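Accompanying notes for the structure given below.
Every number here is computed from the coordinates shown, using simple stated rules; none is lab data. Please read all numbers here as calculations on a predicted model, not as lab measurements. No Cβ is skipped: glycine too gets one built from the backbone with ideal geometry, and neighbour counts run over all protein chains shown.
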């Protein structure tokens with residue numbers, strides 16, 4: 001259960017806060033909803049309290065979680081095989097990325113981010129890869145800046161520096 005005015009993460013969309021908790025009559029039944037207002041989007045949605053687990057609505061990550069993500073991003077990247085650049089590989093990776101975006105955990109987002117930065121160091125990204133990289137970077141930056149009370153531009157630079165330094169370690 002989330003509290004009024006608590007900041008939460010809605011997978012794939014970013015950080016929002018619980019503006020209200022409301023009861024709505026749906027036919028003969030009554031249901032509770034969180035009214036979420038997004039911090040960086042002009043968007044408000046209602047989320048049934050009973051569906052928060054299936055949606056993946058979660059609390060903000062902790063400072064320790066973010067520290068662990070930074071450590072992971074700074075580790076040397078994995079070696080890519082030439083097969084990973086094929087169209088069939090992209091289709092498989094795209095499905096994996098979409099699944100991870102829907103789950104929306106900080107670990108999933110950072111894994112996508114690191115993977116795409118690793119690929120980018122070895123080839124020009126396709127339009128689809130660039131789009132997912134931008135979305136993932138935006139979601140990471142949004143959550144990290146809220147948790148660390150940091151500036152977005154400095155967070156972007158830190159993420160990019162960590163990934164570029166990990167690509168220079170092999």
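Compare 70, 33, 127 in a GNM of the chain, Cα atoms joined below 10 Å, and give the one with the largest fluctuation.
Among 70, 33, 127, the largest GNM mean-square fluctuation belongs to 127.
Please find the FRET efficiency linking residue 127 to residue 96, where r is the Cβ-Cβ separation and R0 is fixed at 22 Å, and quote it to the nearest 0.05.
0.75
Please compute the contact order of region 7-57 in relative form: average sequence separation of alpha-carbon pairs under 8 Å and at least six residues apart, divided by the residue count, as a percent.
Computed over region 7-57, the figure is 32 percent.
For the Cα atoms of the chain, what angle does the longest principal axis make with the long axis of helix 106-120, in degrees from 0 to 90, nearest 10?
For helix 106-120, the angle is close to 30 degrees.
For region 95-132 and region 1-53, what is the centre-to-centre distance using only Cα atoms, to the nearest Å?
Between the Cα centre of region 95-132 and that of region 1-53, the gap is 27 Å.
I want to verify a result. In a Gaussian network model of the chain, Cα cutoff 10 Å, which of these has the top mean-square fluctuation: 108, 65, 42?
Maximum fluctuation in the GNM of the chain, among the listed residues, is at 42.
Kindly state, as a whole number, the per residue volume in cubic angstrom of the convex hull around the alpha carbon atoms of region 7-57.
Cα convex hull per residue, to the nearest whole number: 73 Å³.
Between residue 62 and residue 149, with labels modelled 7 Å along Cα→Cβ, what's the label distance in nm to one decimal, could you check?
Distance between label points: 1.9 nm.
Answer rounded, prolate or oblate for the chain, using the Cα gyration tensor with square roots of eigenvalues a ≥ b ≥ c: rounded when a/c is under 1.5, else prolate when a/b is larger than b/c, else oblate.
prolate
Once both labels are modelled 7 Å past Cα along the beta-carbon direction, what's the residue 157-residue 21 spacing in nm?
In this crude label model, residue 157 to residue 21 measures out at 4.1 nm.
Pick out which of 27, 128, 138 has the largest mean-square fluctuation in a Gaussian network model of the chain, springs linking Cα atoms closer than 10 Å.
27
Can you tell me the orientation of helix 152-167 relative to the chain, as the angle in degrees between its alpha-carbon axis and the longest Cα principal axis, to the nearest 10?
Orientation of helix 152-167: about 40 degrees from the principal axis.
At 7 Å along Cα-to-Cβ for each site, give me the label-to-label distance between residue 5 and residue 89 in nm.
Distance between label points: 5.1 nm.
Can you tell me the 0 to 90 degree angle between the C-alpha axis of helix 127-148 and the longest principal axis of the chain, rounded to 10?
That helix lies at roughly 60 degrees to the long axis.
In percent, how large is the relative contact order of the chain, given Cα pairs closer than 8 Å and 6 or more residues apart?
22 percent
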